[in-house]
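The values are calculated or read from the model by the stated rules, or taken from the named source; none is laboratory data. These numbers come from a predicted model, not from an experiment. Glycine gets a Cβ as well: all are built from the backbone with ideal geometry, and neighbour counts include every protein chain shown.
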Amino acid sequence: MENMIEVKGLTKTFKSYKKGKGLSGTIKTLFKREVTEIEAVKDISFNIRPGEIIGYIGANGAGKSTTIKMMTGILNPTSGFVKVDGRVPYEKRQENAKHIGVVFGQKTQLWWDLPVGETFAILKEVYQVPDAFYAEQMKYFDEIFELSEFMGQTVRTLSLGQRMRADLAASMLHNPKVLFLDEPTIGLDVMVKERIRKAIKDMNKRYGTTILLTTHDMSDIEELCHRIIIIDKGQLLYDGGIDTIRRDFGYERKIVFDLRYDDAEVVGAILQQMRDEIQGCTPENMTYTLSESQLSVIFNRNEINISSIMNYVLQHLNVIDFSVKDMDIEAIVKRF
Amino acid sequence: MTKTFKRYLKLYGMFLSQYLKAVMHSRTDFLIGFLAFFLIQFGGIAFIALVFRQIPDLMGWSFYDLLFIYGFANIPRGIDHMFTDYLWLLAGNVIVQGEFDRYLLRPIHPLFQIIAQRFQPDGIGEMIIGILLVVYAASKGGIEFTAGKIILLIVMVIFSTIIYTSIKLILASIAFWTKRSQSILFMFYSMSEFSKYPLAIYHKFIRTFITYIVPFALTAYIPASYFLGESSLMESLGLTVSISLIALALGLFIFSRGIKQYESVGN
């Protein structure tokens, strides 16, 4: 089957001019500017088939947004090329825009001052969505996003979760072939995240929409993505199935305890003993660090029962507070 | 072509009806804005009246002549203010904050999206006061308005508005290179004050400057002078139309080059 997205040798270099210090420096830069070139994206190539959900992963500043901007036509590459549904987005920007949907989790694409309902009426006109399909879509969105809850409100009055639901629905209204979702679950609570994931999955199944999403949330990746692409410092690090990642990192959990104690050595000894007391506590399966009365335990939840760790620590140490965390993407990228 | 135009017109109508609804909702805001603007205008008119207390005419211009020019100046300024106010934000933070990205993600022209982003009701007040002053000055000053002249006045207002919009567009588009251009836009925009009085009172350098370089003279004095019998139709309408079209073409050109620039460096 043809590729829906084709990225080949994609490179983007930004020039930045150093500013001199003080007045003399400013005057100097007027005549002679020091140019530093920043390679935001270096020679990246990958292909995405129709209907795939791809997790596009990397730390902040790894070049994710720059790549997405080139795929959506906002930026021109320095070299290499992108093709989306057979079009070069930055050459045929408006034509490409008809066939894609874009959501940036950090900022809304909607009109701040307009009521949500009117926003959809306008988008219908913008994308020239036929009446019958529009009615069908709105009904569908109301099912998966429960839009009618806030249809009459202006976009500025929406909560973050509502806004994200509206933004996602807006990006899907014209049934785009490709959806670019940049951090679609950022800052949302677990319930809303779950609903958004469900909707993304549903959309993918219903229309075979190709979806490329970036996220820092491991559960987004586990639940949604067929394949992941990891980039770091602008370069491609990994392109493949999620299984490798899931096997190597997906089952890692981290518990952070806030402790109260007088003697760190005593605590150290107690933690030493933990290895012997709990089954499966090999150095590969469990590591811990103690600093400034904070104890972090990272362990493989396939091999070690979380309750045994909790039990041990709560019984032997004075715990003020604790939290359980998924492994974050940054940690995974770092270990690659 | 006509189909695209119709679609854009329909879209604009949808935006406008929403904005007007919002204005109706906050009627007090609107009235306060209108009142404030009226007071400012009253100050300007009082100043002219005060000057004319002392002298019977100013280089051959009567009080009502001046009032006519002053009133005319407010009409295109008000109309432009109503519809293209968002250009000020383009010159402000839109590019720095990466807000411009979203205009490139929709299948409609980015400039249209910027224009449709805001409707500024304050401009209605400016326009209404302008119309009132023009009508008042014309009736007191003995300017006869035939149907033909009214149509001509409307045409002149349209092209004068285009000049306002084009100047704003050119200066706001500089922000594509400099990230912000609000202060330069403000500086040049302030020069529109010059257009409220007869050109003859200025030094030759200023006259040339505001006729050909930053052509605000074409937004009030030059078109108005035709109705005051001071210049021929060719001089006033001809100059206004031709320079406004040149300015508009230049504005659109710089804007589209600006987008090219944005595509290569981003925000």
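Note on the stretch A:92-110: among residues that are part of a loop (DSSP other than H, G, I, E, B) and more than 7 Å from chain B (Cβ to nearest Cβ), the one that is farthest from the chain's Cα centre (by Cα) is A:LYS92.
Looking at A:SER293, is it polar (S, T, N, Q) and at positive phi?
yes
If you filter the stretch A:115-156 down to residues that are within 21 Å of B:LEU16 (Cβ to Cβ) and among the small types (Gly, Ala, Ser), you find that the one that is farthest from the other protein chains (Cβ to nearest Cβ) is A:GLY152.
Does B:ASP101 meet the test of being of a type outside the set (Ser, Thr, Tyr) and over 24 Å from A:ASP167 (Cβ atoms)? Answer is no for this residue. Within the stretch B:171-216, the set of residues being charged (D, E, K, R) and either under 23 Å from B:GLY71 (Cα atoms) or not in a loop (DSSP other than H, G, I, E, B) (or both) comprises B:GLU193, B:LYS196, B:LYS204, B:ARG207.
Check whether at least one residue in the stretch A:126-134 is assigned to a helix (DSSP H, G or I) and within 21 Å of A:GLN162 (Cα to Cα), and report yes or no. Yes; the residues of the stretch A:126-134 include at least one that is assigned to a helix (DSSP H, G or I) and within 21 Å of A:GLN162 (Cα to Cα). A residue that is in a strand (DSSP E or B), at the interface with another protein chain (Cβ under 9 Å from one of its Cβ atoms) and closer than 30 Å to B:LEU9 by Cβ occurs nowhere in the stretch A:63-78. Take A:ARG165 and tell me if it is more than 23 Å from B:LEU11 (Cα to Cα), modelled with pLDDT under 95 and assigned to a helix (DSSP H, G or I). Spelling it out, A:ARG165 is indeed more than 23 Å from B:LEU11 (Cα to Cα), modelled with pLDDT under 95 and assigned to a helix (DSSP H, G or I). Looking at B:PHE205, B:PHE194, B:PHE186 in this structure, which one is surrounded by fewer than 18 Cβ atoms within 10 Å (Cβ to Cβ), in contact with a helix residue (DSSP H, G or I) (Cβ under 9 Å, 6 or more places away or on another chain) and either hydrophobic (A, V, I, L, M, F, W, C) or modelled with pLDDT of 90 or more (or both)? B:PHE186 is the lone residue from the list that is surrounded by fewer than 18 Cβ atoms within 10 Å (Cβ to Cβ), in contact with a helix residue (DSSP H, G or I) (Cβ under 9 Å, 6 or more places away or on another chain) and either hydrophobic (A, V, I, L, M, F, W, C) or modelled with pLDDT of 90 or more (or both).
Just wondering, is there one or more residues in the stretch B:25-48 that are among the aromatic types (Phe, Trp, Tyr), within 30 Å of A:GLU125 (Cα to Cα) and buried (at least 17 other Cβ atoms within 10 Å of the Cβ)?
Within the stretch B:25-48 (the criterion being among the aromatic types (Phe, Trp, Tyr), within 30 Å of A:GLU125 (Cα to Cα) and buried (at least 17 other Cβ atoms within 10 Å of the Cβ)), the answer is yes, since at least one residue qualifies.
In the set A:ASP276, A:ASP262, A:ASP258, only one residue is at pLDDT 90 or above and not assigned by TED's automatic domain parsing to the domain that holds A:PRO77; that residue is A:ASP258. Of all residues in the stretch A:210-266, those being among the hydroxyl-bearing types (Ser, Thr, Tyr), in contact with a Leu (Cβ under 9 Å, 6 or more places away or on another chain) and farther than 30 Å from A:ASP321 by Cβ number 2. Among the residues of the stretch B:1-24, those that are of a type in the set (D, E, K, R), within 22 Å of A:GLN128 (Cα to Cα) and surrounded by 10 or more Cβ atoms within 10 Å (Cβ to Cβ) comprise B:LYS6, B:ARG7, B:LYS10. Scanning the stretch B:1-27 for residues that are modelled with pLDDT under 80 and of a type outside the set (A, V, I, L, M, F, W, C) yields B:HIS25, B:SER26, B:ARG27. Annotation note: of A:LEU179, A:LEU160, the sole residue that is in contact with a helix residue (DSSP H, G or I) (Cβ under 7 Å, 6 or more places away or on another chain) and within 18 Å of A:VAL102 (Cα to Cα) is A:LEU179.
In the stretch A:228-319, counting only strands (runs of 3 or more DSSP E) that sit wholly within it, the ones holding 1 or more residues that are farther than 30 Å from A:PHE46 by Cα span A:252-259, A:286-291, A:294-300. From the list B:ILE201, B:ILE184, B:ILE163, B:ILE210, the one residue that fits, being over 28 Å from B:TRP61 (Cβ atoms) and of a type outside the set (Gly, Ala, Ser), is B:ILE184. Among the residues of the stretch A:159-175, is any within 13 Å of another protein chain (Cβ to nearest Cβ) and of a type in the set (D, E, K, R)? Yes, the stretch A:159-175 contains a residue that is within 13 Å of another protein chain (Cβ to nearest Cβ) and of a type in the set (D, E, K, R). Residues of the stretch A:288-306 that are under 20 Å from A:ILE245 (Cα atoms) and surrounded by fewer than 14 Cβ atoms within 10 Å (Cβ to Cβ): A:ASN302 alone.
Against the conditions (1) part of a loop (DSSP other than H, G, I, E, B); (2) within 14 Å of chain B (Cβ to nearest Cβ); (3) over 13 Å from A:GLU6 (Cα atoms), A:PRO89 satisfies every one except (3).
Among the residues of the stretch B:1-56, those that are assigned to a helix (DSSP H, G or I), free of Cβ contacts under 8 Å to residues at least 60 places away in the same chain and polar (S, T, N, Q) comprise B:THR2, B:THR4, B:SER17, B:GLN18, B:THR28, B:GLN54. Picking from residues in the stretch B:28-51 that are at pLDDT 80 or above and among the aromatic types (Phe, Trp, Tyr), the one that is nearest to B:ALA116 (Cα to Cα) is B:PHE42. Right, B:ARG118: farther than 30 Å from A:GLU91 by Cβ, within 14 Å of chain A (Cβ to nearest Cβ) and in contact (Cβ under 8 Å) with a residue 60 or more places away in the chain or not? So B:ARG118 fits the description; yes.
Would you check if there is a residue in the stretch B:94-108 being away from chain A (no Cβ under 13 Å), surrounded by 21 or more Cβ atoms within 10 Å (Cβ to Cβ), within 30 Å of A:LYS124 (Cβ to Cβ) and not small (Gly, Ala, Ser)? No: zero hits. Of all residues in the stretch B:185-199, those that are out of contact with any Gly (no Cβ under 8 Å at 6 or more places or on another chain) and in contact (Cβ under 8 Å) with a residue 60 or more places away in the chain total 5.
Those helices (runs of 4 or more DSSP H) of the stretch B:57-159 in which at least 2 residues are farther than 30 Å from B:SER26 by Cβ, considering only elements entirely within it, cover B:63-83, B:122-140. Evaluate the stretch B:120-138: report whether one residue or more is crowded, with 19+ Cβ neighbours inside 10 Å, modelled with pLDDT under 95 and of a type in the set (Phe, Trp, Tyr). No. A residue that is away from chain A (no Cβ under 14 Å), buried (at least 20 other Cβ atoms within 10 Å of the Cβ) and either over 20 Å from B:THR165 (Cβ atoms) or acidic (Asp, Glu) (or both) occurs somewhere in the stretch B:79-86.
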